[in-house]
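To keep things clear, I will list the structure first and then write my remarks on it.
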Amino acid sequence: MSVVVVVTAFPVPELRDEVVAAFESAIVRVHDEPGVERYALLEGTDRLVMIEKYESEQARSEHTKGAALADLLSALKGKLRTALDVQVLTPHPAGKADKGSL
């Protein structure tokens with residue numbers, strides 16, 4: 001079963017561009033990891049949100065051990081107002097298949 005992860009980051013305002021650049025660098029690398037179905041950055045006025053989808057818990061687990069994530073976390077040190085908010089979720093499809101799930 002697929003696994004969805006939602007990660008919210010609250011950058012220090014004057015370091016936002018550096019935080020975005022760190023995520024963009026990671027995205028390029030993570031897109032090539034096996035089992036990654038989605039790894040997308042969204043922007044809000046005071047936050048950045050990553051929507052991640054993995055084909056399995058094993059794929060997510062491998063991602064958490066990878067160099068791309070380690071480098072991202074290192075690049076984010078001292079640039080966030082709070083710790084990353086990481087939510088690991090299990091899809092609950094409902095309604096139309098093409099609209100009711102990621």
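The values are calculated or read from the model by the stated rules, or taken from the named source; none is laboratory data. In this text, all values refer to a predicted model and were calculated from it rather than measured experimentally. Ideal geometry is used to build each Cβ from the backbone, glycine not excepted, and the neighbour counts take in all protein chains shown.
Condition check ((1) farther than 15 Å from residue 6 by Cβ; (2) charged (D, E, K, R)) across all residues:
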site: 43; (1), (2): no, yes
site: 49; (1), (2): no, no
site: 55; (1), (2): yes, yes
site: 62; (1), (2): yes, yes
site: 74; (1), (2): yes, no
site: 89; (1), (2): no, no
site: 95; (1), (2): yes, no
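Within the range 43-67, the set of residues being over 23 Å from residue 90 (Cβ atoms), crowded, with 19+ Cβ neighbours inside 10 Å and of a type in the set (D, E, K, R) is empty.
Within the range 1-19, which residues are farther than 14 Å from residue 49 by Cβ and not in a loop (DSSP other than H, G, I, E, B)?
Keep residues of the range 1-19 that are farther than 14 Å from residue 49 by Cβ, which gives 1-3, 12-15, 17-18.
If the condition is that a residue be farther than 14 Å from residue 49 by Cβ and not in a loop (DSSP other than H, G, I, E, B), then 3, 13, 14, 15, 17, 18 are the ones that fit.
If you check 44, 95 for being on the phi > 0 side of the Ramachandran plot and free of Cβ contacts under 8 Å to residues at least 24 places away in the same chain, only one passes: 95. When the range 75-89 is filtered for residues that are loosely packed, with under 14 Cβ neighbours inside 10 Å and over 15 Å from the mean Cα position of the chain (by Cα), the ones remaining, listed by number, are 77, 78, 81, 82. I'd like the residue in the range 20-42 that is touching a Phe, Trp or Tyr at 6+ places or on another chain (Cβ under 9 Å) and assigned to a helix (DSSP H, G or I) and, out of all such residues, is surrounded by the fewest Cβ atoms within 10 Å (Cβ to Cβ). This residue is 27.
Looking across the range 63-94, the residues that are more than 21 Å from residue 45 (Cα to Cα), modelled with pLDDT of 95 or more and in a loop (DSSP other than H, G, I, E, B) come down to 65, 66.
Applying the criterion of being more than 17 Å from residue 57 (Cα to Cα) and within 11 Å of the chain's Cα centre (by Cα) to the residues of the range 6-19, the residue that is surrounded by the most Cβ atoms within 10 Å (Cβ to Cβ) is 9. So how many residues does the range 21-51 have that are aliphatic (A, V, I, L, M) and under 11 Å from residue 80 (Cα atoms)? Residues that pass the stated criteria total 1. Listed by first and then second residue, the pairs with beta-carbon distance under 7 Å, at least 6 apart or on different chains, first residue in the range 48-60 and assigned to a strand (DSSP E or B), second modelled with pLDDT under 95, are 53/2; 53/102; 54/2.
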